[in-house]
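Notes for the one structure printed next.
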Amino acid sequence: MSIDKAFTKENLDYYLKELAKEFRKRNGTKIPAEIVLIGGAAVLANYGFREMTYDIDAVITASSVMKEAINAVGDRLELPNGWLNMDFKNTSSYSPKLVQYSKHYRTYSGVLNIRTINAEYLIAMKLMSGRRYKKDLSDIVGILNEQKKVGEPLDYNKIDRAVKDLYGDWNGISKYTIQVLKAALESENLTELFEEQVKEEIFSKQEILRVQKYNEEKVTKSNIDDIINLALRKSKKQDG
């Protein structure tokens, strides 16, 4: 779910703390809740290359009181309705096996266990989503870069296993997204590649918005890559 208010690593932790307090007040301490952060929120929680996200997607396992707690915290802190939600379950990147491949992040107020997705499985999700006009591809490069920096690099075999664990095969992943992954795995300068990918994503988003606003052509999942590729070719031709 896209929202107007940006979430950062710092305020994400604050909102989760407030949610835990509210849940504990309403539900007590006997039955804890579990939330697995997905996508941009998982990237924020585990890495430093993302400044913010506008999507707080999660797998929520809790009593019905959790929904009340989410709404109460949202109202009190002036967050949009559904500021923490499970809408991503309707997207291609969802897999019922995500919880199985998650890891502990933090526990708040003794009742709210927060988990995130392991690096290779987070990359697998980003590969499946593969939106060139959002942060999916730059997130892939950023994760690979930070894993390398901390001495825990990912190789193709680990990512291949993660994709197959979650989705069975690579059939739903675009050729372009696979090309980006392979280029990243072979790159000797992931920081530079990350910056290039971010610039391309910004350009792609601007082009999609321009087409939607000024052209009669409707942007769809089937033609979005063609629109972006044409715009990139024109841009490179002008620069050359």
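Taken about its Cα centre, the chain carries a charge dipole of roughly 500 debye when the Cβ of each Lys and Arg holds +1 and the Cβ of each Asp and Glu holds -1.
Here the chain exposes an accessible surface that is 47 percent carbon and sulfur, computed with a 1.4 Å probe and the other protein chains kept in place. The angle between the Cα long axis of helix 9-27 and the main principal axis of the chain comes to about 30°, on a 0 to 90 degree scale.
Remark: for residue pairs K103/K175; K135/K164; K9/K149; K135/K218, the C-alpha separation exceeds 24 Å in K103/K175. Within a straight-line Cα-Cα reach of under 22 Å, K237 can be paired with the following lysines, leaving aside sequence neighbours fewer than 8 residues apart in one chain: K199, K205. Computed extension gain for N71 through E195, at 0.36 nm per residue and net of the alpha carbon distance, reaches 40.9 nm. Take each peptide in 83-89, 36-42, count the other Cβ atoms within 10 Å of every residue, and average; sorted highest first, the result is 36-42, 83-89. Averaged per residue, the chain has 54 square angstrom of accessible surface, using a 1.4 angstrom probe with ligands and nucleic acids left out. Ignoring lysines fewer than eight residues from K67 along the same chain, the ones with Cα atoms less than 22 angstrom from its Cα are K5, K17, K21, K25, K30, K89. Over the range 1-95, Cα pairs under 8 Å with separation of 6+ residues give a relative contact order of 36 percent.
What are the trypsin sites (Lys or Arg not before Pro) within the range 95-154 that DSSP puts in a loop, where the Cβ has at most 15 other Cβ atoms within 10 Å? It would help to have the intermediate numbers written out before the result.
Details: sites: K97, K103, R106, R115, K126, R131, R132, K134, K135, K148, K149; in loops: K97, R131, R132, K134, K135.
Of the trypsin sites (Lys or Arg not before Pro), the ones in loops of the range 95-154 whose Cβ has at most 15 other Cβ atoms within 10 Å are K97.
Residues whose amide H falls under 5 Å from that of Y105, counting only those 5 or more places apart or on a different chain, are I114, R115, T116, with hydrogens built in the peptide plane.
The values are calculated or read from the model by the stated rules, or taken from the named source; none is laboratory data. These figures come from a predicted structure and were not determined experimentally. Virtual Cβ from ideal backbone geometry, glycine too; neighbours counted across all protein chains shown. Ligands, DNA and RNA are excluded from the accessible area calculation, which covers all protein heavy atoms including side chains. Shrake-Rupley method; radii C 1.70, N 1.55, O 1.52, S 1.80 Å.
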